[in-house]
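Everything below concerns the one structure shown next.
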């Protein structure tokens with residue numbers, strides 16, 4: 001009687017259970033993409049509301065937390081594009097590193113330590129491409145679709161990010 | 001693209017064409033220097049793990065839960081308002097359709113009594129207050145009425161989300177609407193001699209009315225809603241199951 005196409009949509013209670021088990025992972029992924037705790041919170045909230053509105057599209061082939069995680073990644077990208085359009089530069093250009101106010105830099109260092117420092121070296125594009133490929137294990141073509149571009153510029157941004165991070169992480173290790 | 005980039009994409013297993021991947025694999029076998037560089041890239045990228053990301057704080061989680069609940073309540077209210085806007089015309093039309101359907105089906109059954117043998121899976125009716133226990137399959141309820149009722153029960157299940165509303169007025173309107181529609185179907189069922197089905201529909205009323213208790217806590221409401229959801233689900237399963245067990249012999 002129950003097939004994927006006739007599966008009941010997830011309930012409010014199941015969403016709350018998903019929050020209990022997935023909140024840390026969603027927030028971590030959104031933080032890595034946005035590079036900002038406040039934007040990451042907004043992204044997770046947008047993702048939850050979008051997921052609820054689209055709950056009838058949930059096929060049940062993956063866990064609810066995993067489905068919401070994918071939506072959260074896209075929400076994080078949308079939040080960055082909306083809130084920092086000036087830093088969303090064409091991928092084929094060498095972008096400047098993200099600029100932060102002194103207060104943001106202090107907060108990042110206090111709260112997020114090495115991660116905040118390392119990610120702050122990347123432009124928004126480089127950070128998004130690196131996180132989606134290296135940590136979230138998206139296919140390059142899927143990243144390109146999410147960023148509304150082609151695979152070539154995604155590769156270039158990824159190579160730039162890797163170069164900066166490998167140097168940065170090596171130097172961080174040296175500081176310890 | 002330089003060798004470093006090719007080796008990086010090779011490590012990711014993504015972004016190279018089949019021929020590029022084959023060529024690189026052949027070169028790695030033939031060229032020790034390239035193989036050594038690939039080993040270094042593998043080690044470097046494999047070790048490139050960023051420090052752990054920050055965890056969501058309790059305040060963040062509370063904010064997300066609240067936003068979700070508010071969205072759910074708001075969408076239920078929007079749905080209720082939509083119904084209310086069309087209620088006079090919509091309910092009059094529904095009443096007319098259900099009653100006409102009942103009369104029509106009753107006449108059809110009367111005409112066909114001698115020519116059709118309708119055999120149902122038989123289950124003994126039980127005296128119970130549990131609505132879900134009242135559908136027993138021993139009545140010859142017309143298929144058309146069963147299908148309409150199944151649709152109504154499915155819609156009711158969706159509307160149950162509105163019972164989470166903190167606003168007693170919204171809950172009252174929703175419960176009144178569901179009870180009114182139940183009664184219309186009960187009239188149609190009784191017109192077809194399906195007393196048991198009519199009793200089932202009326203049996204939902206006390207459970208629905210219990211959600212309007214002024215001292216009901218959020219937890220009480222959730223329990224009532226889950227109870228209704230469960231019983232509606234069981235009833236639906238039994239109705240649809242009974243329809244599929246019906247054998248009509250010509």
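Laboratory data are not the source of any read-out in this text; all were calculated from the coordinates shown. Only a predicted model underlies this, so the values are computations on that prediction, with no experimental measurement involved. Using ideal geometry, Cβ is built from the backbone for each residue, glycine included, and neighbour counts are taken over all protein chains shown.
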**Request:** Using only atoms on other chains, find how many Cβ atoms lie within 10 Å of each Cβ of peptide B:221-234 and report the average.
**Result:** 1
**Complete:** Ranked on Cβ counts within 10 Å of their own Cβ, fewest leading, A:39, B:28 go B:28, A:39
**Fill in**
For the residue B:190, residue B:226 Cβ pair and Förster radius 35 Å, calculated FRET efficiency rounded to 0.05 is 0.75
**Asked** Among A:155, A:82, which comes first, then next, by fewest other beta-carbon atoms within 10 Å?
**Response** A:82, A:155
**Item:** In range of the label at residue B:45: residues from the range A:145-165 whose backbone nitrogen is under 13 Å from the point 7 Å along Cα→Cβ
**Value:** A:155-156, A:158-163
**Message:** Compute the distance from the alpha-carbon center of the range A:10-53 to that of the range B:177-233, in whole Å.
**Reply:** 36
**Other protein chain Cβ atoms within 10 Å, averaged over every residue that makes up A:129-139** = 2
**Complete:** For B:212, B:232, A:122, ascending order of other Cβ atoms within 10 Å (fewest first) is B:212, B:232, A:122
**Request:** Apply the Debye scattering formula to the range A:9-88, with a single equal point scatterer on each alpha-carbon and no solvent, then give log10 I(q)/I(0) at q = 0.14, 0.16, 0.20 Å⁻¹.
**Result:** -0.42, -0.54, -0.79
**Request:** Assuming R0 = 35 Å, can you tell me the calculated FRET efficiency for the pair residue A:56 and residue B:237, based on Cβ-Cβ distance, to the nearest 0.05?
**Result:** 0.95
**Prompt:** If r is the Cβ-Cβ distance from residue A:139 to residue B:180 and R0 is 45 Å, what FRET efficiency results, to the nearest 0.05?
**Reply:** 0.25
**Request:** Ignore the peptide's own chain and count Cβ atoms of other chains within 10 Å of each Cβ in B:65-72; give me the average, rounded.
**Result:** 5
**P(r) tail fraction, the range B:3-46 - alpha-carbon pairs more than 11 Å apart, %** = 62
